[in-house]
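A.B. asks: Below is one structure. I have some questions about it.
Where a number appears in this text, it was derived from the coordinates with a stated rule and is not lab data. Remember, it's a predicted structure, so these values are computed and weren't measured experimentally. Every residue, glycine among them, receives a Cβ derived from its backbone with ideal geometry; neighbour counts consider all protein chains shown.
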Amino acid sequence: MPKIVTPNSATTLQIADGANYYRFVGIEFFAAPGIYIQDLIQVGIGVESSVDQLPHDIDFDRDYIHTDAASGGKRGIALNGRSTTVENCYISGFWSTWQDTQALAGWNGPGPYTITNNYLEAGTEIVAFGGAVPAIAGVVPSNILIKGNLFYKPLSWMPGNANYAGVPVSVKNDIELKFAQDVTIDGNVFENNWKGADQRGYFLLFNVRTELGQVPWAVVNNVKVTNNIFRHSAAGIDITGHDDNGGGSASNFLIQNNVWDDINGNAWGSDGRWFQATNGANNVTIDHNTVFQTGFILIFDVGQEYNVNLTNNIVMSGWDVVGNGAGVGISALNAYNVGGIFSKNVLVGAVSSRYPLNNFFPSSIDQVGFVNYAGGDYRLAANSPYKNAGTDSKDLGANLTTAESTASVIPPPSTPAPPATNPDPPSTPAPAIPAAWAQIISKASGKCLDVAGISTAALAPMQQWACWGGDNQKFRFTQVSGGYEITARNSGLQLDVMGQSTSDGAAVIQYPFWGGANEIWQVNSSSDGYYSFVSLNSGKCLNVRGSSGADGALMEQVSCSGIDSQKWTLVAEQVAAANPSSTPAPPIPAAWAQIISKASGKCLDVAGISTAALAPMQQWACWGGDNQKFRFTQVSGGYEITARNSGLQLDVLGQSKSDGAAVIQYPFWGGANEIWQVNSSSDGYYSFASVNSGKCLNVRESSGADGALMEQMACSGRDNQKWTLVAEQ
């Protein structure tokens, strides 16, 4: 994919005053190794004083937006424009030990903002609105849609976790609203959050802030949180009605039809509270949630709240409903919750005398009647006493069938799945698993299993995409104990069920192989000549989410049912037989030499006669300058290739293994992306293959023009990958 890289802490892309109607599709934006970035991308500069000055109608689609993972950075995209969309993107690596970090944040634009179907990763706040003083008086980020995303914090950031990498990353929450209005948070999956920095570890923090009185118009209003799954956190949600100075206001919240799983103080720090309402929170409806928390159900503090309504929820008793200084249950509700309703809730293990009538008090989870509690299916079985028992005559708790249309929340099947194996002998045996790299093609859609965004990063999601032959669509099966590891060619990483989950709907990603059962797949053939791939960890099948036929449909594991979205065929890569060399290439010269393209007759050239690191390589009409002269020095594994004018070496940018990765000059440090194998062809020319990726130095788009850039591409034997060497006399 094309790349925009910053060699320093400056932004890669700044969309300035008045720019409009731009789409950025399939681009990798990143900072060079060792660089800590502030704003990788800026939509608006943040100092515009009028809405009319702001850029608008900006769309980021299928982009890979990331830091140097070892260095971190503050922010992926600063959203300070109008009408901005971020969709189908992978945004990762934004962390710090000393300042707040976000994947996406905005404070100086009115919106609307659409954030859909992304992987989002950051330390303190993954998505944030507000938190800084806007230059536009009265502006409030508005009409915000956050739908179908995966919010994720790597466990390598968590001290005490077995995966901890040793760097104390600052962690706070997943979504923070300090001033925003008309916000919909729907159909997302939130995974991993813990107590860190100066907060309790809430997934959601809706705390209106006037920034010490400088934003007196601050509001957090009209927020809907619906159809989401929240997994593994120290706390759930915190809503504050006013700032600590009494300014600002927050009202009109709907928290409905969500599953909150493993809100656990012991595992994730803090006290495992689900909900907190403070300082005049107003008009809050908490309805049809299913919650597994270890601490408080709800805690009131700092003044009275108004119209906080808890209805139709299933929660654990934990530490009960409390109010600071006002006791437990009824006494806390009477003291703090003015005008609120507490009705038709299931409080597992709670003492009934502490709570209002018209609630339910089973003594154990087993008495609730979930379809499959151990398997993570938290809908109610037909014989549950709480079927159709709600104030609305619906089942109590979350009913995830209402979220079937969302991108990330896929309910388990309503009936047990049939066995994965077919009792009849196969009538059309599946072909043998190829030893070569192979495409994995869906029977249902005819599309290829694909590493999203051609990413080489751990945790990149797997999707389906129209087959086009890229290395991110080629996989190798290696037999291990219990099954196979399945390796992506472009990244060298393996198919993995995220978080070792055994649940239906768990995401399938790529991750370094460590031997876990969630990275081992059993390969079963079906009677119609296709394969299914079954996770050894869960016994569930690789599945195209929602049985979709669309490009970009994500992979998940689901109970094996034999449907076509779980069936695959393998098409092995064809490798041409090598021909004996009929015209041997001349020996590699010891002197400085020009490297001349067979296709164009032009010379490899350091663009702009630059001596700077990261300068791109191009082709140009041969003219004899030192920026067109190179020396080959043999090292372990191949050759380093040095430009005479700069003394720097040919380098594949960012150690990428992807087709299209730029070839630049960079100081030699011994990386495999700076070492080249020199192969001769039968017609007397050389090709130069990166040891890191196995891909060939290539003139982009087979161009014959001056200035055509160099890249790496899968070796094909075409003339734009063939070169001759002419030594300096």
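A.B. asks: Taking every DSSP beta bridge with both residues inside segment 144-403, roughly what % is antiparallel (nearest 5)?
C.D. replies: Here the share of antiparallel DSSP bridges comes out near 5 percent.
A.B. asks: Output the antiparallel fraction of DSSP beta bridges having both residues in the chain, as a percent to the nearest 5.
C.D. replies: Among the beta bridges of the chain, antiparallel pairing accounts for roughly 40 percent.
A.B. asks: List the relative contact order of segment 438-572 as a percent without decimals, with contacts defined as Cα pairs under 8 Å and 6+ residues apart.
C.D. replies: That works out to 28 percent.
A.B. asks: Next up: Suppose we look only past 13 Å in the calculated P(r) of segment 2-74. What percent of the Cα-Cα pairs does that tail hold?
C.D. replies: 65
A.B. asks: While we're on this one: On a straight-distance basis, which lysines could pair with K602 in a cross-link, Cα separation under 22 angstrom, same-chain partners fewer than 8 positions away excluded?
C.D. replies: Excluding near neighbours in sequence, the set is K629, K695, K722.
A.B. asks: Between S481 and Y373, take the C-beta separation as r, use R0 = 45 Å, and let me know the FRET efficiency to the nearest 0.05.
C.D. replies: Using R0 = 45 Å, I get an efficiency of 0.90.
A.B. asks: Right, something else. Rounded to whole Hz and in sequence order, give me ³J(HN,Hα) for segment 285-296 from the Karplus expression 6.51 cos²θ - 1.76 cosθ + 1.60, θ = phi - 60°, writing x for Gly and Pro.
C.D. replies: Calculated HN-Hα couplings, in order: 10, 10, 9, 6, 9, 10, 10, 10, 10, 9, x, 4 Hz.
A.B. asks: So how compact is segment 199-279: Cα radius of gyration and Dmax in angstrom?
C.D. replies: For segment 199-279, the Cα radius of gyration and maximum Cα-Cα distance read 13.8, 39 Å.
A.B. asks: Here is a follow-up. Using every pair of alpha-carbon atoms in segment 48-151, split the distances into 5 Å bins beginning at 0 and state the percent of pairs per bin, rounded to integers.
C.D. replies: Pairs per bin, as whole percents: 3, 14, 23, 23, 19, 12, 5, 0.
A.B. asks: Compute for segment 438-572: radius of gyration divided by Kirkwood radius, i.e. Rg/Rh, restricted to C-alpha atoms, rounded to two decimals.
C.D. replies: Reported Rg/Rh (Cα atoms, Kirkwood Rh): 0.91.
A.B. asks: Cα centroids of segment 545-566 and segment 292-358: how far apart, whole angstrom?
C.D. replies: About 41 Å separates the Cα centre of segment 545-566 from the one of segment 292-358.
A.B. asks: Along the positive direction of the dipole of the chain (beta-carbon charges: Lys, Arg +1; Asp, Glu -1; about the Cα centre), which of G637, Q619, I563 reaches farthest?
C.D. replies: The Cα lying farthest towards the positive end belongs to G637.
A.B. asks: Work out the length of the dipole vector of segment 593-727 about its Cα centre, built from +1 on the beta-carbon of each Lys and Arg and -1 on the beta-carbon of each Asp and Glu, and round it to the nearest 20 debye.
C.D. replies: 140
A.B. asks: Using Cβ contacts closer than 10 Å as the measure, can you line up I299, I441 from fewest to most?
C.D. replies: Ranking I299, I441 by Cβ neighbours within 10 Å, fewest first, gives I441, I299.
A.B. asks: Let me ask something else. Based on the alpha-carbon gyration tensor of segment 304-352 and its eigenvalue square roots a ≥ b ≥ c, which shape applies: rounded if a/c is under 1.5, prolate if not and a/b is larger than b/c, or oblate?
C.D. replies: oblate
A.B. asks: What full-extension length gain, to one decimal in nm, is calculated for V635 and D564 as 0.36 nm per residue of separation minus the Cα-Cα distance?
C.D. replies: My answer for the length gained is 20.5 nm.
A.B. asks: Given the -39500 (n - 2.57) contribution per DSSP H run of 4+ residues, what per-residue ellipticity at 222 nm results for the chain, rounded to the nearest 500 deg cm²/dmol?
C.D. replies: About -500 deg cm²/dmol.
A.B. asks: Same structure again: Convert 25 °C to kelvin, take the viscosity as 0.890 mPa s, use the Kirkwood radius over C-alpha pairs of segment 593-727 as Rh, and evaluate the Stokes-Einstein diffusion coefficient in µm²/s, rounded to a whole number.
C.D. replies: D = 173 µm²/s.
A.B. asks: Kindly put T633, T311 in sequence by how many other C-beta atoms sit within 10 Å of each C-beta, fewest to most.
C.D. replies: T633, T311
A.B. asks: Putting +1 on Lys and Arg Cβ atoms and -1 on Asp and Glu Cβ atoms, find which of G272, W468, S393 reaches farthest to the positive end of the dipole of the chain.
C.D. replies: The residue sitting farthest along the positive end of the dipole is W468.
A.B. asks: What is the list of residues in segment 626-669 whose amide nitrogen lies under 20 Å from a point 7 angstrom out from the Cα of A591, following Cα to Cβ?
C.D. replies: 626-634, 641-647
A.B. asks: While we're on this one: Does the chain come out rounded, prolate or oblate, given a ≥ b ≥ c as the square roots of the eigenvalues of its C-alpha gyration tensor, rounded meaning a/c under 1.5 and, failing that, prolate meaning a/b above b/c?
C.D. replies: Judged from the Cα gyration tensor, the chain comes out oblate (a/c at least 1.5, b/c at or above a/b).
A.B. asks: Okay, next question. Treating cross-link reach as a plain straight distance, find the lysines whose alpha-carbon is under 18 Å from the alpha-carbon of K344, omitting any fewer than eight places away in the same chain.
C.D. replies: Filter leaves K387, K394.
A.B. asks: Continuing with the same structure: Any idea which of S527, L604, T114 is furthest toward the positive side of the dipole for the chain, if Lys and Arg beta-carbons carry +1 and Asp and Glu beta-carbons -1?
C.D. replies: In the chain, that residue is S527.
A.B. asks: How about the chain: what cysteines have no other cysteine beta carbon under 4.7 Å from their own?
C.D. replies: C89
A.B. asks: Related question: In straight Cα distance, which aspartates and glutamates are under 15 Å from K598, not counting same-chain residues fewer than 8 positions off?
C.D. replies: D683, E701, D706, D719
A.B. asks: Okay, next question. Would you please state which residues of segment 347-371 a label at A326 would reach in this model, taking the label point 7 Å out along Cα→Cβ and a backbone N cut-off of under 16 Å?
C.D. replies: 355-356
A.B. asks: Out of residues 5 or more away from N20 or on other chains, whose amide H comes under 5 Å of its own, with H placed 1.01 Å from N in the peptide plane?
C.D. replies: H56
A.B. asks: To the nearest Å, what is the center-to-center distance of segment 485-539 and segment 703-720, using C-alpha atoms only?
C.D. replies: Centre-to-centre distance over Cα atoms comes out at 35 Å.
A.B. asks: So, one more: Taking Cα centroids, how far is segment 5-56 from segment 136-207 in Å?
C.D. replies: 22
A.B. asks: List the relative contact order of the chain as a percent without decimals, with contacts defined as Cα pairs under 8 Å and 6+ residues apart.
C.D. replies: 6
A.B. asks: By counting other Cβ atoms within 10 Å of each Cβ, how are K387, K598 ranked from fewest to most?
C.D. replies: K387, K598
A.B. asks: Is there a quick way to get the dipole size of the chain? I mean about its Cα centre, with the Cβ of Lys and Arg at +1 and of Asp and Glu at -1; what is the value in debye to the nearest 20?
C.D. replies: Its charge dipole is roughly 780 debye.
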